[in-house]
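Engineer: Sharing a structure with you now.
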């Protein structure tokens, strides 16, 4: 068990790196997912087609494949994802600005993949708003954007919170894959490092890594349960 | 809410603008794709037949070998997925029934027994309920990658040595059975209370109530979610490469080792996954449609699932499909 | 399909049976099945020979040493050396079960008995000796650095000390641990993947400046790389490759060592090299003396 204390800095560092990538990916996925969701419900058929194609593609691909294309397809296109070297942000998220692009590649993969699920979560919220609301808004002469902005989205937000939370929890868990695509030192890669390269006993390392993930996922899950129960009562 | 209620049906002018706009946008996208995707790839030589030949040209000497290997890999993927979904279903159902039973046990007061026995039984049932709750929370909160990795590394540590297929199936089962158990449980708890009361009124035991009344209804509601779960499991088997299980991606890795064509191989594998998973989710939609029709004609009192279940289903299905 | 296989099995069985029946147990089964040799009772050799099967762990993704190609069978120097051992045990090639043993699980598969022998570019070192035992070495490699042909800024591991050059290696491997001693900041300088061809692609695309691992592996990529890469400087470590066996199984280890020495003298060791990794242009040199500790 001493590895938990001796190597506490490794666990803490891994936790921090995983947290960094999750925070950034969550922000990115929420923004991109919202855009895709608007595309999917927009009145312009080609835009709808683009949104639908996006969702179908990324929902049906294993994340491993998406990660691969981010890590090896982007370089083949001649990009090191330098547009993500946002000045100021790299003060907190140190890996964002390094010359090694794999943190940024992994981030892009997570955002692209998760956005498809964010879009579906948002859409399920929109679908939960009674049709009469939108019809009433239209009969008042509101346009599509006004309709969304003032009538549908404020109501759908409530119904979207729980599914969105589930998507984010899933994303945190999915982030375990980044360690296999060149991001050195996240939680899952630390597990590998400590057990196979440094030869520490397996069970204590497993416990340490599990705690790292559970700290992020369990409280979020409990919070969602609470919100869900309260909403059920409200209905 | 259907899409069209959000906006008026576009008139002729709107349609014209849309048409022109789409043509312009398509041309812009095509030009962009040429300069930012095709050109760099072509300069890298990514379109050369040397890389693509073994995958798409039947006269290539390696064509049949490559596809035979991919076939083997995909067979392994399907096998792991089917085994995992079957065992998760069994374990998940048992777990759901167990949790429902334990919940009703903790509510029981065990009257008519000696005081120490009462306390013991109540303590035991509380402990078991807490234990299962704990396991569910832990396994639901861990990434599947980590679960699979831990199974493959941990079991041998305790002297249990199995095939990589078994490790993968166990790893996937641990996670998915917990998810399925939670769907079933929320399905059963969301059923109208009258169902349970009626069962009690005709003298069914709690176990009979669960098995004969609640579980079949919960299953019926969750069938589409179950099929979409199969998509999730199918995608998750690709994590088998971590423990050297020879599924599609791992075989792809070996092919790349020989032919040095990573991008074409991954494109082919990606398309393969999209086609199979897309068909599966279409199947799920079809089943859901049939079920909805079935409910209407059977004229059961609950035309739509109670809101709690609907919410749970919505949340769960996105959550699971979110879990790679 | 099934019928065919059963029939073939039956035929093979009768054949083997018939041959052993009339020819005695001396060299009889060669060509069709295995041969039954005499080994000390209760030894691993006897068990494997009786079972006529052996499980060998090797790499499936290491060109020149162990690469599972399109045929579905692994090929390479490690694989050939392992075949020599199996042959000495009286086990025919087609009875060998190959198990993928990537760097990070090699000790585990030996300790828990998943495989009987590991031949997987397996560097002998003291940490590993705590859990398993090594026969050999049967080859001595050394860690080196591969860079682009026109790169003169990297001359050796010390070039990473200034904290700007980026280097790629494989998770859980010895070279990855070794290079950590030289890099300033792991987060911005070191990338780890699961296979070396990903590192090669990263070097090709310019995401990293160098790939580091054992020279023979790098030579493989240099040979196939259309003159795009070169080695930067000399080997800076010695990596003697050994064959991993169970720690307490001294008899089996001696047997493997004997077999290696035999292979040195009868030329099969050199032939194994020339057929596989030797094609990359690496020097084989003199056979390293086996270390019977």
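Engineer: What residue among B:210, B:173, B:18 shows peak mean-square fluctuation when chain B is described by a Gaussian network model with Cα springs under 10 Å?
Structural biologist: B:18
Engineer: What is the ratio of the Cα radius of gyration of the range A:138-235 to 2.2 N^0.38 Å, with N the residue count, to two decimals? Show your work: numbers first, answer last.
Structural biologist: On the way: Rg = 20.9 Å, N = 98, 2.2 N^0.38 = 12.6 Å.
Dividing the Cα radius of gyration by 2.2 N^0.38 Å gives 1.66.
Engineer: Relative to the first principal axis of the alpha-carbon coordinates of chain B, what is the inclination of helix B:63-107, with its axis defined by its Cα atoms, in degrees from 0 to 90 and to the nearest 10?
Structural biologist: 20 degrees
Engineer: Could you work out the relative contact order of chain A, using alpha carbon pairs under 8 angstrom and six or more residues apart, expressed as a whole percent?
Structural biologist: Answer for chain A is 28 percent.
Engineer: With an 8 Å Cα cut-off and a minimum separation of 6 or more residues, compute the relative contact order for chain C in percent.
Structural biologist: Relative contact order for chain C comes out at 23 percent.
Engineer: Further question: With the Cα gyration tensor of chain B giving a ≥ b ≥ c as the square roots of its eigenvalues, does the rule (a/c under 1.5 for rounded; else a/b larger than b/c for prolate; else oblate) give rounded, prolate or oblate?
Structural biologist: In terms of gyration-tensor shape, oblate.
Engineer: Right, something else. What is the fewest-to-most order of B:67, C:98 by other Cβ atoms lying within 10 Å of their Cβ?
Structural biologist: Starting with the residue having the fewest Cβ neighbours, the order is B:67, C:98.
Engineer: Quick one: angle between helix B:262-298 and the longest Cα principal axis of chain B, in degrees between 0 and 90, rounded to 10, please.
Structural biologist: It works out to around 40 degrees.
Engineer: Is the C-alpha gyration tensor of the range B:1-122 telling us rounded, prolate or oblate? Criteria: a/c under 1.5 is rounded; beyond that, a/b larger than b/c is prolate, otherwise oblate.
Structural biologist: Because a/c hits 1.5 or more and a/b fails to exceed b/c, the range B:1-122 counts as oblate.
Engineer: Could I ask something else about it? Report, for the range C:143-231, the % of DSSP beta bridges that are antiparallel, rounded to 5. Please report the intermediate quantities before stating the final value.
Structural biologist: Numbers: 7 of 13 bridges.
Rounded to the nearest five, the antiparallel share is 55 percent.
Engineer: Another one. Could you check which residue among C:224, C:49, C:125 shows the biggest mean-square fluctuation in a GNM of chain C with a 10 Å Cα cutoff?
Structural biologist: C:224
Engineer: Ignoring everything except DSSP H segments at least 4 long, calculate the 222 nm mean residue ellipticity for chain A; use -39,500 (n - 2.57) per segment, divide by total residues, nearest 500.
Structural biologist: Roughly -22500 deg cm²/dmol at 222 nm, from the helical runs in chain A.
Engineer: Does the range B:77-235 classify as rounded, prolate or oblate by the C-alpha gyration tensor (a ≥ b ≥ c root eigenvalues; a/c under 1.5 gives rounded; else a/b over b/c gives prolate, otherwise oblate)?
Structural biologist: Taking the square roots of the gyration eigenvalues as a ≥ b ≥ c, the range B:77-235 is oblate.
Engineer: May I pose another question? Using a Gaussian network model of chain B with C-alpha springs under 10 Å, which one of B:225, B:25, B:201 is most mobile by mean-square fluctuation?
Structural biologist: Looking only at B:225, B:25, B:201, the largest GNM fluctuation is found for B:25.
Engineer: Over chain B, what is the relative contact order in percent, taking alpha-carbon pairs closer than 8 angstrom and at least six residues apart?
Structural biologist: Normalised by residue count, the contact order of chain B is 23 percent.
Engineer: With each run of n ≥ 4 DSSP H residues scored as -39500 (n - 2.57), what mean residue ellipticity at 222 nm is computed for chain B after dividing by its residue count and rounding to the nearest 500 deg cm²/dmol?
Structural biologist: Taken over chain B, the calculation gives -26000 deg cm²/dmol.
Engineer: Ranking A:22, B:135 by Cβ neighbours within 10 Å, fewest first, what do you get?
Structural biologist: Lowest count first: B:135, A:22.
Engineer: Let me ask something else about it. Helix-derived [θ] at 222 nm for chain C: sum -39500 (n - 2.57) over DSSP H runs of at least 4, divide by residue count, nearest 500?
Structural biologist: The helix-only estimate for chain C comes to -10500 deg cm²/dmol at 222 nm.
Engineer: Another question, if that's okay. Rounded to the nearest 10 degrees, what's the angle between the helix B:215-236 long axis and the longest principal axis of chain B, both from Cα atoms, 0 to 90?
Structural biologist: Long axis of B:215-236 versus the principal axis of chain B: about 30 degrees.
Every number here is computed from the coordinates shown, using simple stated rules; none is lab data. The model shown is predicted, which means the values in this text are computed figures rather than measured ones. Counting neighbours? That spans all protein chains shown, and the Cβs are built from the backbone with ideal geometry, glycine included.
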